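Here is the structure we will look at.
The values are calculated or read from the model by the stated rules, or taken from the named source; none is laboratory data. As the structure is a computational prediction, the values presented were derived from the model and not from experiment. For neighbour counting, all protein chains shown are included, and Cβ atoms are generated from backbone atoms with ideal geometry for every residue, glycine included.
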Amino acid sequence: MQLLASLFVLLSVFHIAIAAPEKYPAIELLVRQDTAAAPANPCADYSMTANMSVISANSSYRTAFMQKAPVGTIITARMLNAAQAKLPALTADTQLNSQCGNLTAVALAEAEKNFTQGIVAQFTTEGLPVGIKAGPEVILIVGAITSLMSAVWVFSG
Ligand SMILES: *[C@@H]1O[C@H](CO)[C@@H](O)[C@H](O)[C@H]1NC(C)=O
Ligand SMILES: *[C@@H]1O[C@H](CO)[C@@H](O)[C@H](O)[C@H]1NC(C)=O
Ligand SMILES: *[C@@H]1O[C@H](CO)[C@@H](O)[C@H](O)[C@H]1NC(C)=O
Ligand SMILES: *[C@@H]1O[C@H](CO)[C@@H](O)[C@H](O)[C@H]1NC(C)=O
């Protein structure tokens, strides 16, 4: 059981290390929303979802963003896909659109404008392609999860 506890600690440490969310509030917002319930500020949520979804849907933006995003590609891809899946419902929500303005239209226009200026979301496209941190931690995590699964299997079996 000591081993199991250590593995749990190890897992959470790596999880936090990978996401480093406090430095990237925008990404934290979306990563959280992926799992969490209704947002406190619907307009901020709509805005972020629209901005990320536009990036997700356009392969040029998406490629640049994936290369610039500070968290691993798996987390980034999941976040973008979640935003893209979530946006249509928000775009169609007339109440939300009258409350916040049509932020889908804003995001489409602004993302294009940003991109022509070499900006995708909060990142510049300067110096692409760059390596991002995605390798060793992922292997460690997968390894840790695998050990955890086998440990549970052995202990309960
Ligand atoms: C989304 O993009 C718009 C237009 O560039 C910007 O005004 C807004 O702050 C962005 N929303 C978020 C949550 O970053
Ligand atoms: C908001 O703008 C998008 C893109 O221009 C459009 O498809 C959508 O119908 C608009 N939504 C509302 C509620 O006007
Ligand atoms: C992505 O955005 C660029 C620049 O705004 C545009 O030229 C291109 O047609 C878009 N691609 C897709 C697949 O929508
Ligand atoms: C456009 O760029 C600004 C400044 O970097 C950023 O705050 C905003 O979120 C970007 N808008 C979109 C839709 O990506």
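Observations on the structure shown:
- Of ALA85, ALA64, ALA89, all but one fail to be of a type in the set (A, V, I, L, M), within 16 Å of ligand 1 (Cβ to nearest atom) and modelled with pLDDT of 60 or more; the exception is ALA64.
- Residue check, THR76 under 27 Å from ALA40 (Cα atoms) and at pLDDT 95 or above: no
- Restricting attention to region 40-61 and to residues that are among the aliphatic types (A, V, I, L, M) and loosely packed, with under 15 Cβ neighbours inside 10 Å, the residue that is farthest from ALA89 (Cα to Cα) turns out to be ALA40.
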